[in-house]
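First the structure, in the form of structure tokens, and then the observations on it.
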Amino acid sequence: MRNLNQDTITQAVIERFSHTPDPRLKEIMTSLVQHLHAFAREVRLTEEEWFQGIQFLTDTGHITDDKRQEFILLSDTLGLSMLTVAMNNDKPAGCTESTVFGPFFVESAPEYKNGDDVANGATGLPCQVRGTVKGLDGTPVPNARMNVWQADAEGNYDVQYADLAHAQARGVLHADDQGRFHFKTILAEAYPIPSDGPVGRMLKATANHPWRPAHLHFMIEAPGYQRLITHVFRNRDQYLDSDVVFGVRQSLVADWEQQPDGSYLLEYDFVLNPEK
Ligand code: BEZ
Ligand code: FE
């Protein structure tokens with residue numbers, strides 16, 4: 001295989017991967033090469049632009065560590081995360097829709113009981129959240145395990161504070177035997193995704209803002225049901241139609257009602273999809 005040129009190189013690379021033993025890996029590699037080459041041809045990529053792309057990915061790797069996941073941010077802001085979620089979570093009507101996971105989930109968050117305050121000192125206006133976890137036929141799902149997490153009033157998740165020793169505004173709760181849950185937390189507010197790295201530079205260069213509309217994250221697990229990863233978004237937020245990571249679904253938008261004492265109340269029910 002010599003003297004490859006711009007007309008013959010794509011097929012040569014595809015043939016190089018044609019002996020891949022795993023058929024799915026072979027399919028992915030073949031399609032990746034085809035689309036990558038087609039992209040370079042379509043924009044007539046210059047050598048300087050190719051190198052800028054390499055530099056961008058290098059910077060994305062360098063800023064990534066166990067606290068900062070710039071590759072997820074890149075996937076999110078290119079709409080790839082939401083596309084993957086949408087393709088893989090086609091559920092019957094009536095089920096709670098899924099949205100992006102985001103980079104701020106933490107395994108083994110503190111465990112709380114129904115009624116507890118998961119804020120644990122996080123800044124923000126007081127808020128209560130309550131609802132029921134149900135199946136598609138409306139019957140309650142007992143004892144679902146619920147991870148909740150959110151940003152504070154400054155727009156930061158606890159993991160973004162280098163000197164914070166304990167979890168804030170996140171926790172694990174269990175719905176009761178009637179599927180009911182309730183907990184205290186802080187009011188969800190809009191916040192910008194981290195924009196001091198290469199993804200922030202990309203957003204700036206393309207005249208896009210880095211903001212997400214106010215939301216509260218949930219991951220809900222119960223035996224016999226598919227795991228649900230979603231958020232509830234705050235109605236009337238100014239960024240609902242321009243979420244930087246394309247995650248908003250109308251069925252996930254809800255009112256946080258202000259109460260006479262100034263605190264807020266979110267009531268939201270979740271409908272899980274039975275496992276196949
Ligand atoms: C989040 O909602 O936590 C999030 C999602 C995508 C990118 C950055 C943050
Ligand atoms: Fe978030």
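Here are some notes:
- Any hit, the stretch 136-155, residues being surrounded by 21 or more Cβ atoms within 10 Å (Cβ to Cβ), among the small types (Gly, Ala, Ser) and part of a loop (DSSP other than H, G, I, E, B): yes
- The stretch 196-233, residues that are more than 16 Å from the chain's Cα centre (by Cα) and within 16 Å of ligand 2 (Cβ to nearest atom): HIS209
- Residues of the stretch 157-167 classified as assigned to a loop (DSSP other than H, G, I, E, B), within 16 Å of ligand 2 (Cβ to nearest atom) and more than 29 Å from LEU272 (Cα to Cα), total: 1
- The single condition among (1) without any contact (Cβ under 8 Å) to a residue 60 or more places away in the chain; (2) open to solvent by 50 Å² or more (accessible area, probe 1.4 Å) that LEU240 does not meet is (2).
- The set of residues from the stretch 19-71 being part of a loop (DSSP other than H, G, I, E, B) and among the charged types (D, E, K, R) comprises ASP22, ARG44, ASP65, ASP66, LYS67, ARG68.
- Looking across the stretch 234-276, the residues that are part of a strand (DSSP E or B) and within 16 Å of ligand 2 (Cβ to nearest atom) come down to ARG234, VAL253, ALA254, TRP256, LEU266.
- Filtering the stretch 72-89 to residues that are assigned to a helix (DSSP H, G or I), within 16 Å of ligand 1 (Cβ to nearest atom) and not polar (S, T, N, Q) leaves ILE72, LEU73, LEU74, ASP76, LEU80, MET82, LEU83, VAL85, ALA86.
- When THR60 is tested against the conditions (1) touching a Gly at 6+ places or on another chain (Cβ under 9 Å); (2) at pLDDT below 95, the lone failure is (2).
- Whichever residue in the stretch 13-52 is among the charged types (D, E, K, R) and loosely packed, with under 10 Cβ neighbours inside 10 Å and, among such residues, is nearest to the chain's Cα centre (by Cα): ARG24
- Top-ranked residue in the stretch 196-213 [being free of Cβ contacts under 8 Å to residues at least 40 places away in the same chain and within 10 Å of ligand 1 (Cβ to nearest atom); ranked as nearest to GLN238 (Cα to Cα)]: PRO213
- Qualifying residue in the stretch 101-116 (condition: among the aliphatic types (A, V, I, L, M) and either open to solvent by 100 Å² or more (accessible area, probe 1.4 Å) or assigned to a helix (DSSP H, G or I) (or both)): no
- Only one of the numbered conditions (1) in contact with a Leu (Cβ under 6 Å, 6 or more places away or on another chain); (2) modelled with pLDDT under 95 is violated by GLN160, and that is (1).
The values are calculated or read from the model by the stated rules, or taken from the named source; none is laboratory data. Just so it is clear, the model here is predicted, and its values are computed rather than measured. Note: ideal-geometry Cβ built from the backbone for every residue, glycine included; neighbour counts use all protein chains shown. Side chains are part of the model used for accessible areas, which takes the heavy atoms of the whole protein and leaves out ligands, DNA and RNA. Shrake-Rupley method; radii C 1.70, N 1.55, O 1.52, S 1.80 Å.
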